[in-house]
1. Can you find a residue that is in a loop (DSSP other than H, G, I, E, B) and either within 13 Å of chain A (Cβ to nearest Cβ) or within 23 Å of B:L61 (Cα to Cα) (or both) anywhere in the stretch B:147-159?
2. Give the residue, chosen from B:I97, B:I104, B:I191, that is touching a residue at least 40 places away in the same chain (Cβ under 8 Å), among the β-branched types (V, I, T), out of contact with any Gly (no Cβ under 7 Å at 6 or more places or on another chain) and within 14 Å of chain A (Cβ to nearest Cβ).
3. Condition first: more than 21 Å from A:C153 (Cα to Cα), in contact (Cβ under 8 Å) with a residue 12 or more places away in the chain and in contact with a strand residue (DSSP E or B) (Cβ under 9 Å, 6 or more places away or on another chain). Now tell me which residues in the stretch A:17-65 satisfy that.
4. For the structure I just gave you, tell me whether B:S87 is away from every other protein chain (no Cβ under 14 Å) and of a type in the set (S, T, Y).
5. Name the single residue, out of those in the stretch A:182-226 being of a type in the set (A, V, I, L, M, F, W, C) and within 14 Å of chain B (Cβ to nearest Cβ), that is nearest to A:S263 (Cα to Cα).
6. Residue pairs, Cβ under 7 Å, 6 or more apart or interchain, first in the stretch B:111-124 and more than 10 Å from chain A (Cβ to nearest Cβ), second among the charged types (D, E, K, R). List them.
7. When the residues of the stretch B:140-180 are narrowed to those that are of a type in the set (K, R) and free of Cβ contacts under 8 Å to residues at least 60 places away in the same chain, which ends up surrounded by the fewest Cβ atoms within 10 Å (Cβ to Cβ)?
Amino acid sequence: MQALYAQLLVGLINGSFYALLSLGLAVIFGMLNIINFAHGALYMMGAFCAYFLLNGLGLNYWYALVIAPVAVGIFGMVLERTLLRWLAGLDHLYGLLLTFGIALIIQGVFQNYFGSSGLPYAIPSQLQGGMNLGFMFLPVYRGWVVVFSLVVCIATWYLIERTRLGAYLRAATENPNLVRAFGINVPRMITLTYGLGIGLAALAGVLSAPINQVRPLMGADLIIVVFAVVVIGGMGSIMGSVITGFALGVVEGLTKYFYPEASNTVVFVLMVLVLLVKPTGLTGRAT
Amino acid sequence: MVDVKTAPDAPAKAGAPLLEIRDLQAWYGESHVLHGINFEVKTGEVVTLLGRNGAGKTSTLKSIMGMIPKRTGSVRFDGRELIKMHSDKIARLGVAICPEERGIFASLNVHENLMLPPTVRSGGLSTEQIFELFPNLKERLSSSQGTKLSGGEQQMLAIARILRTGARFLMLDEPTEGLAPVIIQQIGRTIQRLKSEGFTILLVEQNFRFASTVADRFYIVEHGKVIDGFANSELQANMDKLHTYLGV
């Protein structure tokens, strides 16, 4: 039974990363109509940013949690302003190819300088150790990752679904020309939204660094699963991405316990089933 | 009654041209849709652009609003040139558009749709004034989706949201399209009331009967050009032209 709970916890942690990454992808797809294949590479940059801050400037994990998403988010905004903006109105395929190319370049540069093996990043002293819950042993850092990710996901959902700024974002997704004719600077809002989505990816990277080590290809391994999560949840659906992210992490964890051979493929099997039954995803709307 | 003093640009400057358009040309990609539009709208007037489908009426409104990127000529509003401006800047000068087919957002509820356009100037109508003007909207405010309202309610919502902004020049694109006669009458009364309270209105209409009850002047648009213009008082003398150009 201990093993089952342990796998459930692993599932929840993976689900946290899936949720944060797919949330960013959903925000970017919903607003910009871009399938952002560079998301995994920018997640990796978040982890590397935390590593540089610690080893270069002596700034610990708590600083990294704020600085890395902002820094990588700004890098994302520069990408949007200089490259992605030119693809507005074109077929999705162009955005996918461009962001895939960006991902390869970023990963290539980091691989060139740091190789493929992982760089260590210590768990912050305040979050070391564990708690005996009676039915299982809970490492504090892992519990923190799950809770913090949930808080960030809910805050992002609230921002988009319940605030005036979120109303601008949702309206601009439907009819950007009309929203701009109401006096709202839509191009600037798009840039900031891309920055927000990338910031979420970088935040996931920082959270992941003490668990998975810092590796140039850490995002490439994850991004395919995250895309499956977004497809299952419904492209562009904020809440769908969050719930599906956590749920699929748990499903993956349970599969590891009950039928380990299928644990790497269960997400993709579910994706195929969802596409067959509901092609717009579980919470997506037909356009 | 909406307080006249709060209405923007009360007709103190009545008679002065608020909008002057000279040789306005516009393109959708390679398609040349406006071929030199010329007309003007004076402060406090209701001016209607009449014309058949595809004549260029909606494109004219969109060009004034900066919603068609490729355009040349001159659009002067309150003495300022708009031709190179983006639509968000134009909106902030006090120009508002109620688009064809209303432009109600499906992903926003009724309240969010109403509150979406930001205030661009002081003097916009308060929510209470809006509800006094459109009592139906108050009852439907809690409705989940703006697009679930009836056509008439959506039209009222589309007009109401731009009245909040403080814009003093309103462009209404076919506000009666597809609506029942009783709703059309209500919209006509609303336009007359807005006019009496100092708003300047540029209307695009195919419903000539409706336009004749609210407009001070008419311009006829054909093949992307204004080919004629006359005042409401000259309407009877110009009925032959209307028959020819509009088939009314």
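The values are calculated or read from the model by the stated rules, or taken from the named source; none is laboratory data. Since the structure is predicted, the reported quantities are computational estimates derived from the model, not experimental observations. Don't worry about glycine lacking a Cβ; one is built from the backbone with ideal geometry, like all the others, and counts go over all protein chains shown.
1. no
2. Residue meeting the stated conditions: B:I97.
3. Residues satisfying the conditions are A:F48, A:Y51.
4. When the stated conditions are applied, B:S87 does not pass them.
5. Out of the qualifying residues, it is A:I190.
6. Going by the 7 Å Cβ cut-off, the qualifying pairs are B:L114/B:R161; B:G124/B:R164.
7. From the stretch B:140-180, those of a type in the set (K, R) are B:140, B:148, B:161, B:164, B:168; that's our starting set.
Cutting the leftovers down to free of Cβ contacts under 8 Å to residues at least 60 places away in the same chain gives us B:140, B:148, B:161, B:164.
Details: B:R140: 18, B:K148: 14, B:R161: 23, B:R164: 21.
Across the stretch B:140-180, the extreme among qualifying residues is B:K148.
Conditions tested, residue by residue: (1) modelled with pLDDT under 90; (2) more than 10 Å from chain B (Cβ to nearest Cβ); (3) touching a Leu at 6+ places or on another chain (Cβ under 9 Å).
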| position | (1), (2), (3) |
| --- | --- |
| A:L138 | yes, yes, yes |
| A:V146 | no, yes, yes |
| A:I154 | no, yes, no |
| A:L159 | no, yes, yes |
| A:Y168 | no, no, yes |
| A:R180 | no, no, no |
